[in-house]
């Protein structure tokens, strides 16, 4: 039995939208289910604490390994990872389970997916929960070009556009890569500001923040022995991530980033307005998606509640699972009582 199998419900599969998706399900099939969407570089396993809490609370919850990850399919074509495919996968999962409508909860890249769900499939979405990731309106220009202009070619999202190079660096030593990612902020770190939330500049703006977020260069030089940031995963939990990414590599997840321009080009006709009841869970110490990234969401999300999770970096549902579970279940009990 793998480290992941020890800590998750039995895996199930659905053939949909040209791929085979693995998913994990808990709770009675009553009420409105919550579909948990993970980020990069993560898995459905990232929601293990929430699945246990939801099962204990009698809540129906589903967490898929999204395409490119874990036990799910990893298509070859980069365009197979655009937002149209990612959101359609979730609809296929609902159809397979006979679910008419669901609440979608997403973290990191999964947050981008879930905020797109009510825009593209409003009749299938009754609620949205963003964890760290705010609703982001369509940028005024190609987001890759904006990020390149502001942060430089070495900024990780820009650098990810190069075929194969980053995939090899991240996959060269998976244990080291995951050790780098899965850490808490250094104790005493002040509340985060800025992050990538300011990367969407007004069209024509040319100011530069200088090269930053140079992930590939950082990983090449990274030695976990000298990293002062505390770990938050147990050895078994870390093993679950490492075992999975040693088998799959990181190309599937990186291909999501390689569709930023395509997603922007193909979304011009979509109206940036979310009417479904929504919860924004912010993390006090997230340096990439800080609480300030959620400023102004009210202009696009009609029915919005915000909650701040204290003393948490980017991996909020794993760093502060009790606080996140209390927040999610409390909001659900208020807005979608069983």
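Give the residues of segment 227-241 that are part of a helix (DSSP H, G or I) and surrounded by fewer than 17 Cβ atoms within 10 Å (Cβ to Cβ), sorted by residue number.
Just the residues of segment 227-241 that are part of a helix (DSSP H, G or I), to begin with: 235-241.
Within segment 227-241, 235, 236 qualify.
Considering only residues in segment 1-51 that are part of a helix (DSSP H, G or I) and modelled with pLDDT of 95 or more, the one that is surrounded by the fewest Cβ atoms within 10 Å (Cβ to Cβ) turns out to be 49.
Mind telling me which of the residues 97, 86 ends up being within 23 Å of residue 19 (Cα to Cα) and crowded, with 24+ Cβ neighbours inside 10 Å? Reasoning before the result, please.
Values: 97 fails: crowded, with 24+ Cβ neighbours inside 10 Å.
When all the criteria are applied, what remains is 86.
Among the helices (runs of 4 or more DSSP H) confined to segment 123-226, the ones with at least 2 residues that are at pLDDT below 95 and over 23 Å from residue 259 (Cα atoms) are located at 215-221. Here residue 301 clears all of (1) crowded, with 17+ Cβ neighbours inside 10 Å; (2) touching a helix residue (DSSP H, G or I) at 6+ places or on another chain (Cβ under 9 Å); (3) closer than 30 Å to residue 180 by Cα except the condition numbered (3). Given the criteria modelled with pLDDT of 95 or more and in contact with a helix residue (DSSP H, G or I) (Cβ under 8 Å, 6 or more places away or on another chain), does residue 307 qualify? Against the criterion (modelled with pLDDT of 95 or more and in contact with a helix residue (DSSP H, G or I) (Cβ under 8 Å, 6 or more places away or on another chain)), residue 307 qualifies.
Within segment 52-97, the set of residues being out of contact with any helix residue (DSSP H, G or I) (no Cβ under 8 Å at 6 or more places or on another chain), part of a loop (DSSP other than H, G, I, E, B) and without any contact (Cβ under 8 Å) to a residue 60 or more places away in the chain comprises 72, 73, 76, 77.
The values are calculated or read from the model by the stated rules, or taken from the named source; none is laboratory data. In this text, all values refer to a predicted model and were calculated from it rather than measured experimentally. We place every Cβ from the backbone using ideal geometry, glycine too, and count neighbours over all the protein chains shown.
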